[in-house]
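Below: one structure, written as structure tokens.
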Amino acid sequence: MDTEASQRARIAAYTRWSRTPDAASATAPARRAFDLRFEREVDPDGLLPLDVRQTLVERARKAYFARLAYASAKARRRRR
């Protein structure tokens with residue numbers, strides 16, 4: 001069941017994105033910041049070769065989303 005606040009937020013989000021012709025470029029800075037988080041996590045000193053760093057970043061990102069999926073499934077089980 002939606003609360004009034006979540007309904008207002010949904011309306012605001014739909015309105016914002018209805019006025020943005022290129023969503024990919026609008027969200028690019030946020031995606032880059034998200035990726036930098038993983039780069040700092042796997043190579044805080046920036047010493048690894050680029051190809052190795054990219055591989056580790058991809059693995060760290062997959063682990064992050066796997067943890068989110070696990071937590072989500074666990075929460076769904078608890079609600080049942």
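The values are calculated or read from the model by the stated rules, or taken from the named source; none is laboratory data. In this text the structure is predicted, and so the values were computed from the model without any measurement. Cβ atoms come from the backbone with ideal geometry, glycine included; neighbour counts cover every protein chain shown.
Counted as qualifying within the chain are the helices (runs of 4 or more DSSP H) with 1 or more residues that are surrounded by 12 or more Cβ atoms within 10 Å (Cβ to Cβ), at pLDDT 95 or above and among the β-branched types (Val, Ile, Thr), namely 23-42, 50-79. Listed by first and then second residue, the pairs with beta-carbon distance under 9 Å, at least 6 apart or on different chains, first residue in region 25-50 and closer than 21 Å to residue 63 by Cα and free of Cβ contacts under 8 Å to residues at least 24 places away in the same chain, second of a type in the set (Asp, Glu) and in a helix (DSSP H, G or I), are 46/39.
Considered as a group, the residues in region 52-76 that are among the basic types (Lys, Arg) and in contact with an Asp or Glu (Cβ under 9 Å, 6 or more places away or on another chain) include one that is farthest from residue 40 (Cα to Cα), and that residue is 61.
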